[in-house]
1. Magnitude of the Cβ-charge dipole of the chain, K/R +1 and D/E -1, about the Cα centre, nearest 20 debye?
2. Rule-of-thumb check for the stretch 390-468: C-alpha Rg over 2.2 N^0.38 Å?
3. Give me the net charge for the shell around ASP469: Cβ to Cβ below 11 angstrom, other residues only, Lys and Arg +1, Asp and Glu -1.
4. What percent of all Cα-Cα pairs in the chain falls in each 10 Å bin, counting up from 0?
5. What order, most packed first, do the peptides 287-297, 465-475 have when packing is the mean number of other Cβ atoms within 10 Å of each residue?
6. Mind ordering 298-306, 239-247 by average Cβ neighbours within 10 Å, highest first?
7. Any chance you could check the Cα centroid distance between the stretch 82-96 and the stretch 53-71 for me, in angstrom?
8. Please report the net charge: other residues with Cβ closer than 11 Å to the Cβ of LEU246, K and R +1, D and E -1.
Amino acid sequence: MNLSSSLTRAALCVASGLALALAFPKIDLSLFAWVAFIPLFYAIEGEGLGHVLGWAWLAGFSFFVGSMYWIAIPLHNFADVRMAFAILAMLVLAAVLAVYSAIAIWAGAFCARRLRIPMVVTMPVSWAAVEWVRTYFPIGFPWNLVGYAAYSYLTIIQFAEITGVYGISALIVFFNAVAYVVFFRRGSSRLQAVSLSALTVVMLLVFGFGIYRLQQLKSAPWRGSFRVAMVQGNIPQSLKWDPNFLPQSFKVYQDESIAAAKRGVDLIVWPEAAAAFYFQPDDRYPATLADEAAYRDALLQLARAIRVPILFGAPALAVRDGQYGFFNRADLISAQGVLVAHYDKINLVPFGEYVPARRFLGSMVNRVVEGMGDMIPGTAQTLFSEDGARLGVLICYESVFPNLTRLEVNKGADVLVNITNDAWYGESSAPYQALAMAAMRSVETKTPMIRTANTGVSAIIRPSGEITDRTPLFKRGTEIEDVSWRPVRTIYTVVGDVFSQICFVLTILAVLAAWLRPRKPGRLETVVEQILAANGAGSRREAS
């Protein structure tokens, strides 16, 4: 491969990754996702499989740098990491995540070439398979799966209630692959015609189902509704855990809650860790934490005084298996000022709330989140009952895990509540990306969501995935809205990740079959090799 060709391919891969990054919030040029893979497909054409892996990695690296640049912000601002090292850490994470992209594209190309299966079939399947793996292995970081780029196209994304977000990702990659085959006339004319026909049929089915489902959601009767107040305290992250600032931050939420109660609400929701003190299940506190106990009493008295239940986030001291730490917890206080139930966050943020493989990495890395020791994960989901509705709580980052939400709805959740603190990320893309991913949880389960964030974006998400009543970033206030729910049981709620699991099994089987099959170049490949050999011989003669 000559230098000119290498630079061209590299430029195409970088363009592919950046185009995909632009499809995500907050830039939101979502149409780019439907063509972003085309430069990459062009770059890997005719390349050896080793080069395919490298070019696909470069495209993935460009995508993750372009869409997750914000990771350097909390590292620098709140973990006292020099900006150069914070950027380096972000680049390392992008490099690791790009391996998934590389494997997906390599597997699609490998199976297509060895098994003579069109890439329009292999690429969507392998991509969905690898995205599913990324959700769980090795630490689980399913941020910005390709399907999320379509979050605003309500008609298109409704079939996520069958396949989950992975089906949307597969559709986007399929669209890219067909567009590449047709526009660049790759393969036989029959392949081009069949691919275009298949895409047309699939898109018609997707649009037809989406129109039907949206109309059905509008006309179906509601089972119940309640009026909720989402309190956006807008407490600066730099002051949030300062003991000297606690009286002021508590007063913000106290005043906003009193004002909301006067307007007539059934539930008040505070964000993640809005109560910046240890809220224990009972009033037994060590003598050194007497002030924390006083704030606990004040919060119970507040709910009793305004006669409205309060759902809020707060840390809680914890001991498990001799390990001291704390829970990231959501608590519900009744209108009588009694603690009803609590939920401990299950999916903690790696390197933010705990250090994976601490035995090996603990001496090399520090956590971003301030606090006492590592957070301890919860072990069970809790449904809160309020005003006839069963509430399933997701704390912060948990909203990016499709199966976690599915399990809550399976347990009987009528309404999802996502409490979060996105103050870490400033005015970057991260809060908007988190909101887009949360919206897909409502689509998959057809369950409304209340999303309350410390600094925004707070919003109500309808079962269709429509984001309504959203608040601006970094503005203090309380949004009061009605939330309604209806009984809908989706296929995804019942069967979970079966679609992506089938893609995973098919990909593994295809790779094994391709690996075991002897490589026998087809007639076209043989002709190309002969032409290349002849050109090489001619060049050598000219040089001599």
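Just so it is clear, none of the values below were taken in a lab; they were calculated from the coordinates. Small disclaimer: the values here were computed from a predicted structure and weren't measured. Ideal geometry is used to build each Cβ from the backbone, glycine not excepted, and the neighbour counts take in all protein chains shown.
1. Around 1820 debye, computed over the chain.
2. The reported ratio for this selection is 0.99.
3. That works out to -1.
4. Taking every Cα pair in the chain, the percentages come to 4, 17, 26, 23, 15, 8, 4, 2, 1, 0.
5. Answer by packing, highest mean first, reads 465-475, 287-297.
6. On the way: 298-306: 17.8, 239-247: 13.8.
Descending packing order for the listed peptides: 298-306, 239-247.
7. 12
8. Numbers: positive: LYS240, LYS251; negative: ASP242, ASP291, GLU292.
Surrounding charge for LEU246 is -1.
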